[in-house]
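As structure tokens, the structure follows; a few thoughts come after it.
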Amino acid sequence: MALIKSISGIRGTIGGNVGDNLTAQDIVECAAAFGHWVKQKTGNPKIVIGRDGRISGEIVNQLVVNAIRMVGVDVVDLGLSTTPTVEIAVPEEQAGAGIIITASHNPKQWNALKFLNDKGEFISGQDGSDVLQLIEDKAIDYVGVDSLGSYEYKDGYIQKHIESVFGLELVNTEVIKARQFKVVVDCINSTGSLSVIPMLEQLGCEVIGLNDTPNGEFAHNPEPLADHLIELSKTVESTRADLGIAIDPDVDRLAFVCEDGEMFGEEYTLVAIADYILQHKKGNTVSNLSSTRALRDVTEKHGGVYHAAAVGEVNVVTQMKAVNAVIGGEGNGGVIYPDSHYGRDALAGIGLFLTHLANFGKPVSFLRSTYPNYVISKNKIQLTPDIDVDHLLVKLEEKYKNQPHTTIDGLKVEFDKDWIHLRKSNTEPIIRIYAESTSAVMANNLANKIKSDVKDILQGS
């Protein structure tokens with residue numbers, strides 16, 4: 001059981017003790033603090049909220065709504081929705097902020113509150129720190145009965161979102177419809193069934209839905225990784241579908257399966273879409289430090305400049321704005337397309353990818369073969385209270401000081417085209433260790449070498 005308070009919000013497991021888990025008290029305290037902060041900071045006491053399909057979503061929603069109203073802030077409730085849909089709705093509703101109730105890829109016992117600013121983008125680190133300080137100081141001003149915030153439920157924003165994707169210049173709905181794709185979609189028992197399936201149907205696709213009841217009873221681990229998508233891969237192959245699509249519970253991550261049942265590779269979602277964008281719109285790209293080098297290769301092929309950002313959507317967005325990137329995101333299947341909005345968006349990603357695939361005119365596996373082939377080995381070390389992460393990273397930096405490296409987010413060390421990245425997770429009590437090379441064996445060897453270094457340092461400390 002766990003509770004993690006960070007600059008992006010609060011995340012934890014349902015049940016247990018106050019302050020150690022995501023309990024009713026913790027939810028109310030956090031929501032009220034954010035509502036109070038929004039009213040004071042923006043002068044616009046209006047918050048848009050939406051939730052994914054988690055079992056705990058409805059009750060967490062009720063707690064959040066009423067806590068916000070009791071600090072004098074109006075609520076626009078989208079109900080079951082997606083993260084990018086809420087992001088789009090915030091400025092559309094001229095609200096001061098947004099809250100997404102989702103724990104993203106975490107298992108069903110988890111839930112979270114994620115905070116957005118008035119642009120529908122994740123709040124800054126400083127703003128997040130200010131909200132945390134309000135919680136710490138218990139400096140929350142609840143209003144009297146005549147000043148309670150109002151409540152409005154609004155349906156229909158998912159369709160507005162779909163239509164906004166169809167309106168993007170580089171999404172060609174006619175060329176997609178002409179291909180009449182047969183698509184298998186794993187909705188992981190969440191709101192992908194309310195968004196991805198309708199979108200594909202409106203694009204003239206024949207859709208086979210898996211786990212398409214949004215009841216929060218996740219049929220498998222909800223992170224869209226190859227080991228969790230066996231049913232999707234088998235169904236794509238057995239039904240002779242053109243491709244498979246997997247999303248996470250809040251529909252901001254996107255992974256594809258080729259027509260032969262093989263994974264396209266979640267890292268290559270962004271690579272393929274960037275390749276398509278850069279063919280039509282020259283410019284720069286951004287991904288985080290833990291993402292594949294293939295994006296850099298594709299960007300440079302098109303004459304652009306690749307930039308790396310610290311892990312975390314807000315960091316990627318900040319860097320994208322700084323370098324005027326035409327496309328960016330994260331290697332976990334998170335596509336951020338500024339012409340739509342500055343947030344990871346699986347619906348925008350699907351529209352762009354299907355246009356690219358339709359124009360390409362060959363199977364998905366052929367498209368995948370056109371990109372540089374790298375393999376990332378993803379590992380983790382469970383944190384215990386006696387592990388000093390900062391000390392560990394300093395020691396590792398000393399060991400590899402003669403290699404190109406950066407410490408803007410943990411430690412990333414480069415070895416020609418290979419690299420290793422270690423960082424403390426923002427969402428789980430672990431250290432993530434990612435290593436990339438041109439083969440799985442080489443990537444695993446690099447990761448094992450670093451894990452051995454970590455073990456030696458911990459035993460010596």
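Could you compute the net charge surrounding Pro249? Neighbours are other residues with a C-beta less than 12 Å from the C-beta of Pro249; K and R count +1, D and E count -1.
Local net charge: -3.
Once amide H atoms are built 1.01 Å from N in the peptide plane, which residues 5 or more positions from Ala2, or in another chain, come under 5 Å H to H?
Thr13, Leu22
Going 7 Å from the Cα of Glu152 in the Cα-to-Cβ direction, what parts of the range 53-79 have a backbone nitrogen less than 13 Å from that spot?
74-78
So which lysines pass the test for Lys449, namely a Cα distance under 23 Å, with those fewer than 8 places away in the same chain ruled out?
Candidates past the 8-residue exclusion: Lys378, Lys380, Lys395, Lys399, Lys401, Lys412, Lys417, Lys424.
Take the Cα radius of gyration of the range 411-461 and divide it by 2.2 N^0.38 Å, with N its residue count; two decimals is plenty.
1.19
For Lys41, list the aspartates and glutamates whose Cα falls under 20 Å from its own Cα; do not include residues on the same chain fewer than 8 positions away.
The qualifying aspartates and glutamates are Glu29, Asp74, Glu87, Glu92, Glu93, Asp118, Glu121, Asp127, Asp130, Glu136, Asp137, Asp141.
Classify the range 3-155 from the C-alpha gyration tensor, please: rounded if a/c falls under 1.5, else prolate or oblate depending on whether a/b exceeds b/c.
It comes out rounded by the Cα gyration axes.
Can you give me the C-alpha center-to-center distance between the range 276-307 and the range 335-402, rounded to a whole angstrom?
12
Just how many % of Cα pairs in the range 125-262 lie over 25 Å apart, if you round to the nearest whole percent?
Result for the distance tail: 44 percent.
Would you mind giving the three semi-axes, in whole Å and largest first, of the ellipsoid equivalent to the chain according to its Cα gyration tensor?
Semi-axes, largest first: 33, 29, 20 Å.
Which of the lysines could a cross-linker span from Lys281 if the Cα-Cα distance has to be under 18 Å and same-chain partners fewer than 8 positions apart are dropped?
Reachable lysines: Lys301, Lys321.
For the range 198-263, report the convex hull volume of the alpha-carbon atoms normalised per residue, in Å³, without decimals.
Taking only Cα atoms, the range 198-263 has a hull volume of 87 Å³ per residue.
How high is the relative contact order of the chain? Use alpha-carbon pairs under 8 Å, at least six apart in sequence, and give a whole percent.
With pairs under 8 Å counted, the relative contact order is 12 percent.
For a Förster distance of 25 Å, can you work out the FRET efficiency between the beta-carbons of Glu398 and Asn448, rounded to the nearest 0.05?
0.80
Kindly flag which residue pairs out of Lys108/Lys138; Lys177/Lys362; Lys5/Lys451 have an alpha-carbon separation exceeding 22 Å in this structure.
Going by Cα-Cα distance, Lys108/Lys138; Lys5/Lys451 fall outside the 22 Å limit.
Calculate for the chain the 222 nm mean residue ellipticity that helices alone would give, adding -39,500 (n - 2.57) per DSSP H run of length 4 or more and normalising by residue count, nearest 500 deg cm²/dmol.
Only helices count here, giving -12000 deg cm²/dmol.
Please grab the % of Cα pairs in the range 65-190 that end up more than 26 Å from each other.
36
Computed from the coordinates by the stated procedures, all read-outs in this text should not be read as laboratory data. Quantities reported herein were computed from a predicted structural model and do not represent experimental measurements. As a convention, Cβ positions derive from the backbone with ideal geometry for all residues, glycine included, and neighbour counts pool all protein chains shown.
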